[in-house]
Amino acid sequence: MLEEKVYLKEKIASLVVHIAKREWPQNWTGMVQTLCEIAARGVSFLSILHYTLISFQDTQVELVLLVFRSLAEDSRDGAAPLGDRRRRELLNALTQQSKDIFPFISGHLANSCKKINTPERNRAVLICNAALSALVPYMEFVPLEFVLSFIVFALLFFSLLFNLFINFAGLFFPTVFIFFFVRQQKVTS
């Protein structure tokens with residue numbers, strides 16, 4: 001499915017997000033854990049004609065990252081037609097679950113960055129871009145201390161910045177981080 005059209009992946013993620021916006025966290029308490037387990041399972045098979053192992057785990061990881069990104073984007077003020085009360089519930093749940101969401105995102109980002117200069121480069125770039133885009137909406141409402149506690153982001157930022165394959169994403173992430181830092185400074189002053 002990594003070769004599938006982007007709109008197909010976005011639609012699948014959108015369906016999960018629509019269900020989550022109605023059911024989570026009240027009626028689907030284990031959503032984050034379930035999504036992380038789905039991404040971890042993966043399905044693999046051996047292509048006898050090409051002698052290669054094809055894994056759908058990367059596709060599942062990418063879909064889960066798209067779900068986390070879309071859910072955070074839709075939970076922001078004015079991003080989707082949600083009532084104020086429901087928006088607050090979702091933001092509170094996302095903030096509470098960020099202890100599970102951030103390690104998932106950072107782990108897959110770190111793992112994919114290691115694969116950039118291997119034959120798995122194309123898949124790694126897709127996962128890196130999905131992980132970086134998933135991080136961006138969380139920076140608006142997750143406390144700065146929590147984001148900074150994941151030092152791997154700073155290390156990955158420098159490795160991504162100098163990598164030609166994801167140069168755009170490497171420049172986009174620090175711009176958002178600086179915006180977030182400035183916003184946090186305004187809030188505290």
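Collect the residues in the range 98-116 that are buried (at least 17 other Cβ atoms within 10 Å of the Cβ) and either more than 13 Å from the chain's Cα centre (by Cα) or of a type in the set (Ser, Thr, Tyr) (or both), keeping them in residue-number order.
Ser98, Ser106, Ser112, Cys113, Lys115, Ile116
I need the full set of residues from the range 29-75 which are part of a loop (DSSP other than H, G, I, E, B), modelled with pLDDT under 80 and not hydroxyl-bearing (Ser, Thr, Tyr), in order please. If you could, list the steps in order and put the result at the bottom.
Looking only at the range 29-75, we keep the residues that are part of a loop (DSSP other than H, G, I, E, B), and these are 29-30, 42-43, 48-51, 56.
Narrowing further to those that are modelled with pLDDT under 80: 42-43, 48-51, 56.
Passing the criteria: Gly42, Val43, Ile48, Leu49, His50, Phe56.
Filter the range 100-122 for residues that are touching a residue at least 40 places away in the same chain (Cβ under 8 Å) and under 20 Å from Gln33 (Cβ atoms) and give the result.
Step one: of the range 100-122, the residues touching a residue at least 40 places away in the same chain (Cβ under 8 Å) are 100-106, 108-110, 113, 116, 121-122.
Those that are touching a residue at least 40 places away in the same chain (Cβ under 8 Å) and under 20 Å from Gln33 (Cβ atoms): Asp100, Ile101, Phe102, Pro103, Phe104, Ile105, Ser106, His108, Leu109.
Could you figure out which of (1) part of a loop (DSSP other than H, G, I, E, B); (2) under 16 Å from Asn129 (Cβ atoms) isn't true of Leu82?
The single condition Leu82 does not satisfy is (2).
Can you name every one of the helices (runs of 4 or more DSSP H) wholly within the range 106-175 that holds 2 or more residues which are at pLDDT below 55?
Values: elements: 121-138, 144-148, 152-161.
Per the criteria, 152-161.
The values are calculated or read from the model by the stated rules, or taken from the named source; none is laboratory data. Since the model is a prediction, treat every value here as computed from it, not as a measurement. Using ideal geometry, Cβ is built from the backbone for each residue, glycine included, and neighbour counts are taken over all protein chains shown.
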